[in-house]
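Read the structure below first, then the notes.
The values are calculated or read from the model by the stated rules, or taken from the named source; none is laboratory data. Since the model is a prediction, treat every value here as computed from it, not as a measurement. Cβ placement follows ideal geometry from the backbone for every residue including glycine, while neighbour counts extend to all protein chains displayed.
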Amino acid sequence: MAKGAEKTGGIARTDATGRVEMIPELLAWSSSLPHDRTFVREDILGSAAHVTMLRKVGLLEAGDAQKLRASLLAMYDAAAAGTLVLEDGEEDVHMAIEGLLTRDLGDIGKRLHTARSRNDQVALDLRLHVRDQAARTLADVATLATELADRASREKDVVLPAYTHRQRAQPVSAAFLICAWSMQLLRAADVVAQAVTRANESPLGSGACSGTSLPIDRSVVAHLLSFSAVTANALDTIGDRDFVLDWTWAGARVLLALSRLSTDVIDFTTSEFGYLRIGDAVAAGSSMMPQKKNPDIFELVRAKASRGVGNVMSMLTLVRGLPTGYNRDFQDDRQAVLDTGPLVRGATGAVRAAIAHLTFDRERCLASVSDGSTQATDIAEALVRKGMPFREAYKATGQLVHLARERNVDLASIGLEAAKSINSAFDEAVLAVIDPRIAVAAKKSAGGTAPERVEEQIAWVRAAATELGYKASSVPTLDDLRRAVEAEPI
Ligand code: ARG
């Protein structure tokens with residue numbers, strides 16, 4: 001096609017690029033538009049902020065700037081309402097929006113791309129997207145953690161075994177177990193908060209790779225879009241997808257926490273464990289076996305976690321080995337980055353909804369620690385309190401466990417006489433700790449199972465969740481940004 005191609009697909013072509021358009025099949029195959037549609041609002045906001053900046057530094061006339069911004073904001077509203085039509089046949093969302101603008105405003109539209117490249121534009125869109133999704137994830141995790149804290153408060157009296165090597169180890173309260181789940185989740189949320197911080201610098205104004213000779217002010221866009229700073233080096237900026245990597249990693253961390261919790265739930269709802277009962281509203285059935293009540297939701301959470309890990313891997317392998325600067329390879333970040341938000345937030349919501357329909361079987365839980373074997377360490381520690389060296393106490397208790405096994409009785413019913421036959425240090429007070437509730441209450445060390453320690457843990461979870469909620473709400477929504485851009489006088 002000769003110069004000045006009218007079709008919007010020709011925007012990024014000059015005589016130097018070539019006189020023919022790309023073969024339609026290849027254009028379609030290489031276009032990122034199908035994925036980019038997800039962040040069309042981010043793209044439009046970036047352009048509206050850019051126009052505002054161009055006006056402020058005098059690179060646009062007031063009238064042109066106002067028309068451009070109004071047209072862009074109308075497109076934003078149409079995109080928000082789901083009525084904006086971006087036709088196929090464009091290389092990406094940036095060309096599609098510029099094409100629409102030029103169709104709407106004619107020559108004025110041709111001024112939009114001043115001092116900008118698609119390389120810094122796509123980086124901007126992705127940063128806005130990641131920041132938004134990560135902030136929403138923080139809010140979701142905060143809600144889940146608060147609900148877990150509430151639940152822990154209601155389950156303080158349930159005693160069940162904690163496991164090491166998936167063997168019954170020591171008695172704990174269900175509240176303590178729920179706090180353990182929460183801690184892992186909150187650590188993951190910390191990484192999500194970090195992903196917000198890492199995404200929170202404005203790349204716009206980096207141009208293709210080295211900045212621009214035009215007198216732009218990058219801080220205007222950064223300020224309008226609530227970024228905390230502008231990025232420091234243009235070449236690094238347009239070849240940087242570390243913030244996407246951080247986001248996929250953060251998302252995977254949340255999914256890992258949910259996945260491990262899910263494995264506990266899946267195990268504990270089996271008839272072998274039987275500690276949890278699953279409510280009808282969240283259980284799935286079998287199409288053939290009439291008796292089955294399956295924890296499908298939790299199995300699916302585990303599967304989503306695998307996909308989250310896959311997203312981290314695809315980002316690592318995408319970026320590894322690329323030369324400094326922009327490479328079109330980056331465009332293939334789209335699946336991983338766009339998948340992460342819905343994946344993590346979907347799983348968080350599913351766990352929230354499903355966990356409310358799980359009930360602890362108190363009797364079954366208690367029965368599983370009532371034979372006394374999980375309290376063997378407590379017995380040894382009671383002997384230590386009487387002055388015996390730990391290794392001796394450990395050996396003596398081991399002999400007692402052995403004797404109980406030989407006599408085919410529970411440790412809980414071995415009796416003082418038998419105990420004394422092993423070591424005269426055994427007495428009523430020592431054997432009293434076989435009661436699982438006493439054993440749980442006795443572990444007053446920081447982070448232990450004693451009720452007062454668990455209260456501290458619940459309070460900690462609650463406070464951390466509140467803090468996360470604040471962090472989440474400090475990130476403006478896209479609609480907030482739209483209002484800020486529109487309110488800026490030009
Ligand atoms: N569609 C591209 C992407 O997603 C936009 C940047 C294109 N830049 C270029 N120089 N071709 O990465």
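At a glance:
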quantity	calculated
Of the criteria (1) more than 29 Å from Glu42 (Cα to Cα); (2) in a helix (DSSP H, G or I); (3) not β-branched (Val, Ile, Thr), which one Leu245 fails	(1)
Pairs with Cβ under 9 Å, 6+ apart, first in region 327-342 and in contact (Cβ under 8 Å) with a residue 60 or more places away in the chain and acidic (Asp, Glu), second within 13 Å of the ligand (Cβ to nearest atom) and outside any helix (DSSP H, G or I)	Asp333/Arg241
Hits in region 322-336 (condition: in a loop (DSSP other than H, G, I, E, B) and in contact with a helix residue (DSSP H, G or I) (Cβ under 9 Å, 6 or more places away or on another chain))	Leu322, Thr324, Gly325, Tyr326
Looking only at region 19-33, and only at residues there that are more than 20 Å from Ala123 (Cβ to Cβ) and of a type outside the set (A, V, I, L, M, F, W, C), the one that is surrounded by the most Cβ atoms within 10 Å (Cβ to Cβ)	Glu21
Tally, over region 310-351, of residues that are more than 16 Å from the ligand (Cβ to nearest atom), surrounded by 18 or more Cβ atoms within 10 Å (Cβ to Cβ) and among the hydrophobic types (A, V, I, L, M, F, W, C)	6
Considering residues of region 250-281 that are within 23 Å of the chain's Cα centre (by Cα), surrounded by fewer than 21 Cβ atoms within 10 Å (Cβ to Cβ) and among the hydrophobic types (A, V, I, L, M, F, W, C) only, the residue nearest to Ala354 (Cα to Cα)	Ile266
Helices (runs of 4 or more DSSP H) (entirely within region 1-107) containing at least 2 residues that are within 16 Å of the ligand (Cβ to nearest atom)	24-30, 33-36, 40-56, 93-105
Any hit, region 258-277, residues being over 27 Å from Leu144 (Cα atoms), part of a loop (DSSP other than H, G, I, E, B) and acidic (Asp, Glu)	yes
Residue match in region 425-448 (condition: modelled with pLDDT of 95 or more, closer than 22 Å to Pro171 by Cβ and of a type in the set (S, T, N, Q))	yes
Residue in region 214-230 that is under 14 Å from Arg116 (Cβ atoms), in contact (Cβ under 8 Å) with a residue 12 or more places away in the chain and within 16 Å of the ligand (Cβ to nearest atom) present	no
Region 108-120 - residue that is of a type outside the set (Asp, Glu), in a helix (DSSP H, G or I) and in contact with a Leu (Cβ under 7 Å, 6 or more places away or on another chain) and, of those, farthest from the ligand (Cβ to nearest atom)	Ile108
Restricting region 162-188 to residues that are assigned to a strand (DSSP E or B) and touching a helix residue (DSSP H, G or I) at 6+ places or on another chain (Cβ under 8 Å), the residue that is surrounded by the fewest Cβ atoms within 10 Å (Cβ to Cβ)	Ala169
Unmet criterion (only one of (1) closer than 30 Å to Phe273 by Cα; (2) within 21 Å of the chain's Cα centre (by Cα)) for Gln194	(1)
Some residue of region 427-435 being closer than 30 Å to Thr143 by Cα and in contact (Cβ under 8 Å) with a residue 12 or more places away in the chain	no
